[in-house]
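Notes to accompany the following structure.
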Amino acid sequence: MENRLHISDLAQQTDTVSSTIRYYEEIGLLPPAARAGNGYRVYSRSDVERLQFIRRAKALDFSLEEIKEILDLREQGQAPCAYVINRIGAKIDEVERKITELTHLKVELGQLKIRAARLPLTDIEAKSCICHLIENQQLLPIDEL
Amino acid sequence: MNRLNPANRQAGRNLQIGQLARAAGTSAKTIRFYEEAELLPPAQRAENGYRLYGDEDVERLRFIRGARHLDFTLDDLKEVLALRDQGEAPCRYVAQLLEEKLGEIGKRIRQMQELQQELQQLIGQAGSLPDDDIEMKHCVCHLIYNR
């Protein structure tokens, strides 16, 4: 029966796993599940839809906090659309920045590879090989661990 | 520097953590973190308990910083440094890591580009939809649901 889904059915229909469903319930992304007489969680069609929305929003790089905000707005009777559009705009900027960063890194690694190809590969002291190039890169003041 | 005992100075271990940090373009906090993560060997200590470092630590730390800047992970580095500590040339391994990293980054860039395209499409389509749909059936939320 479609309206009496077990957690494993819900997991299967939404391509997720039971532990994720319990976790989403714990953090309030899913409402507390109704329980059958034997204490098992039971779900309905609306849970499938809600979970599918969560999965798809996540695939679009929405964080769990953002998704919770969207679902909370709806529960409070407010349309979340403006918030969603705003977040998508911010995400486009973020992704753009990320692509620029990765492209720089790729160029840098590519240059390193070309320079390293002309150096020996057996330099234990690491004085005239690829390791040496890495060691003597321009060091940036950014202090990330 | 006067606080150091002569034995340490003779062994060339005459840098304190702040000096090492400056020489390698990083911070004392990062150095302590690397020691904890076993990328740096446990520092020798002065009589007053301060950590003491030598030139080889500067080199090692500069290598770590350079490799981190190039997106090598701590695990990658541990492997490279372990080879070096065992007296083996890590160069071939580093070259191989570099190759893998180039592949990974290319893949990540493509994924990001796909994501960006999808987000832009969503925003484009959302423009022609209502933005006050509580049921999320005819708006951008609906597009997310049906992607």
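The values are calculated or read from the model by the stated rules, or taken from the named source; none is laboratory data. Since the model is a prediction, treat every value here as computed from it, not as a measurement. A quick note on method: Cβ atoms are made from the backbone with ideal geometry, for glycine too, and the neighbour counts reach across all protein chains shown.
What do you reckon, is B:LEU52 more than 10 Å from chain A (Cβ to nearest Cβ) and either assigned to a loop (DSSP other than H, G, I, E, B) or crowded, with 18+ Cβ neighbours inside 10 Å (or both)?
Judged against the criteria, B:LEU52 is a match.
The listed residues are B:ILE123, B:ILE109, B:ILE144, and the only one of them that is at pLDDT 90 or above and either at negative phi or more than 10 Å from chain A (Cβ to nearest Cβ) (or both) turns out to be B:ILE109. Only one of the listed residues (B:GLU104, B:GLU88) is out of contact with any Gly (no Cβ under 7 Å at 6 or more places or on another chain), farther than 21 Å from B:ALA24 by Cβ and more than 8 Å from every other protein chain (Cβ to nearest Cβ). That residue is B:GLU104. Can you confirm whether the stretch B:27-45 contains a residue that is more than 10 Å from chain A (Cβ to nearest Cβ) and under 15 Å from A:GLU135 (Cβ atoms)? Yes - at least one qualifying residue is present in the stretch B:27-45. In a residue-by-residue description of the stretch A:72-88, the property of being buried (at least 18 other Cβ atoms within 10 Å of the Cβ) and in contact with a Lys or Arg (Cβ under 7 Å, 6 or more places away or on another chain) applies to at least one position.
Determine if the stretch B:58-69 includes at least one residue that is under 30 Å from A:ILE92 (Cβ atoms) and either part of a helix (DSSP H, G or I) or within 11 Å of another protein chain (Cβ to nearest Cβ) (or both). Yes, some residue in the stretch B:58-69 is under 30 Å from A:ILE92 (Cβ atoms) and either part of a helix (DSSP H, G or I) or within 11 Å of another protein chain (Cβ to nearest Cβ) (or both).
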